[in-house]
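S.K.: Here you go, one structure.
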Amino acid sequence: MTVEEREYNRRHGEDHDHAMRFTRALLETSALPDSDFWRAARDAPDAELEHKLAMFAERGLLVSYDLEPFHPEDWLIMHFGIGRRPRRHDRLADRADAKRVRHYLDDAAQQIATAAAALPSNHVYMTQLERYLRQDPRK
């Protein structure tokens, strides 16, 4: 096996592990049925996942590993989406300049409003989508 093939296989294996870790993070707080399958899914140890969850649970820190296919934003969306919240905030956040943070957030809100205003209404979008989907692909 060439060095490139070994590297490809290594990265593929790590991507698989990261995907399983991300999926498994959903099982850590979800109310799941009490069956052998779900107990086995929850009980398999994963030190990296435990570290990620502990760091977020304590101070909201998002731990990431080299070449991880999931970005910190993906983890944040997942944590907040399933109702997971840190016990306390990271005190480094207190050092942020409030005016700069406010300016950044105001600017982001304006950009979102501008982008949203440029979008078609749901009715127009759905009409155009249906028209597109009904096209004859042979033309």
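Just so it is clear, none of the values below were taken in a lab; they were calculated from the coordinates. Keep in mind it's a predicted model, so treat the numbers as computed, not measured. Every residue, glycine among them, receives a Cβ derived from its backbone with ideal geometry; neighbour counts consider all protein chains shown.
S.K.: So if I check each of D94, D136, D107, which one is more than 20 Å from the chain's Cα centre (by Cα), under 30 Å from L49 (Cβ atoms) and not hydrophobic (A, V, I, L, M, F, W, C)?
M.R.: Exactly one of D94, D136, D107 is more than 20 Å from the chain's Cα centre (by Cα), under 30 Å from L49 (Cβ atoms) and not hydrophobic (A, V, I, L, M, F, W, C), namely D94.
S.K.: Would the range 44-52 turn up any residue that is within 19 Å of P86 (Cα to Cα) and either within 16 Å of the chain's Cα centre (by Cα) or of a type in the set (F, W, Y) (or both)?
M.R.: Taking every residue of the range 44-52 in turn, at least one turns out to be within 19 Å of P86 (Cα to Cα) and either within 16 Å of the chain's Cα centre (by Cα) or of a type in the set (F, W, Y) (or both).
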